[in-house]
1. Between residue 53 and residue 41, what is the label-to-label distance in nm when each label sits 7 Å out along the Cα-to-Cβ direction?
2. Angle, helix 99-111 long axis vs. longest principal axis of the chain, Cα atoms, 0 to 90°, nearest 10?
3. Rounded if a/c is under 1.5, else prolate if a/b beats b/c, else oblate: with a ≥ b ≥ c from the C-alpha gyration tensor eigenvalues square-rooted, which is segment 18-148?
4. To make sure I understand, if each residue's beta carbon is the centre and we count other beta carbons within 10 Å, what order do 23, 41 fall in, fewest to most?
5. Sum up the charges of everything whose Cβ sits under 12 Å from the Cβ of residue 188, counting Lys and Arg as +1 and Asp and Glu as -1, but leave residue 188 out.
6. If I stretch the segment between residue 81 and residue 139 completely, what's the gain in nm (0.36 nm per residue apart, minus their alpha carbon distance), one decimal?
7. In terms of the Cα gyration tensor, with a ≥ b ≥ c the square roots of its eigenvalues, is segment 1-71 rounded because a/c is under 1.5, prolate because a/b exceeds b/c, or oblate?
8. Given H placed 1.01 Å from N in the peptide plane, which residues other than close sequence neighbours of residue 35 have an amide H under 5 Å from its amide H?
Amino acid sequence: MSEDVKILAVDTTLGACSAALLEGSRVLARCHTAMERGHAEALAPMVRAVMTDAKMDFSALDRLAVTVGPGTFTGQRVGLAFMRGLRVALRKPLLGVTSLSAMAEQARAETEIFCAAAVHDARRGEVYVEGIGSSAPLSACIMAFDDASTVLHRLGGPIALAGTAAPRMADALRAWGVEVHLSRITVPDAVWVARLAVQAPPEDAPPRPLYLRAPDAKLPVAPS
């Protein structure tokens, strides 16, 4: 990938809203704000601020990137809808990146540990988990915490961890004798969404949301 590729990335999947503009590996502008709600209202002004800070017109962008999940139902839809709109308006390729891979990649860079995993609390005794850098990488999935600890234990160590469930997972893995490096990362950062997306081949179709758990709300069943 050319070092001068300009990419705008956003994340709204979990407990933050962020946007970043990169040229190759260089960060031209970024904004990251912790928030549990209000992503829909915050995203457009944030993107405008990032583009203004970098003194760049939208037409100069080469590609776009967005987190597809896992995350909150509303958060996933906010980022995807916004970036799909930009994709159509700008006629630029839009790439999807999982929220977990962005966190794991940042944890790997922060700790300088090759193998990393993002482990995020999914409630109900479950976690969202994804592992990168091992000989048998773990794709984004949802599973019971104890099952996740067993799977990550099999990856061996040393391993870097990110996510809201990372401290608990670190304790579990250390009990197995695994060398664990705990990062400070609990939510995705659009900078790392961009860094992953800039390495990927562009796709013609827009990314789709990654839902790892079925929605709680069910459609009413018609009486037989």
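What follows draws every value from the coordinates through simple rules; no lab data is involved. Predicted model, so just to flag it, every value in this text is computed and none were measured. Note that each Cβ is placed from the backbone with ideal geometry, even for glycine, and that neighbours are counted across all protein chains shown.
1. Label-label distance for residue 53 and residue 41, simple model: 2.1 nm.
2. That works out to roughly 80 degrees.
3. Numbers: a/c = 2.12, a/b = 1.58, b/c = 1.34.
Note, shape of segment 18-148 comes out prolate.
4. Details: 23 19, 41 12.
Ranking 23, 41 by Cβ neighbours within 10 Å, fewest first, gives 41, 23.
5. Numbers: positive: 195; negative: 11, 105, 130, 189.
My count for the surroundings of residue 188 gives -3.
6. Values: separation 58, 0.36 × 58 = 20.88 nm, distance 2.40 nm.
That works out to 18.5 nm of additional length.
7. Numbers: a/c = 2.31, a/b = 1.60, b/c = 1.44.
Since a/c reaches 1.5 and a/b is larger than b/c, the shape of segment 1-71 is classed as prolate.
8. For residue 35, whose amide H was placed from the backbone, the distant partners under 5 Å are 16, 17.
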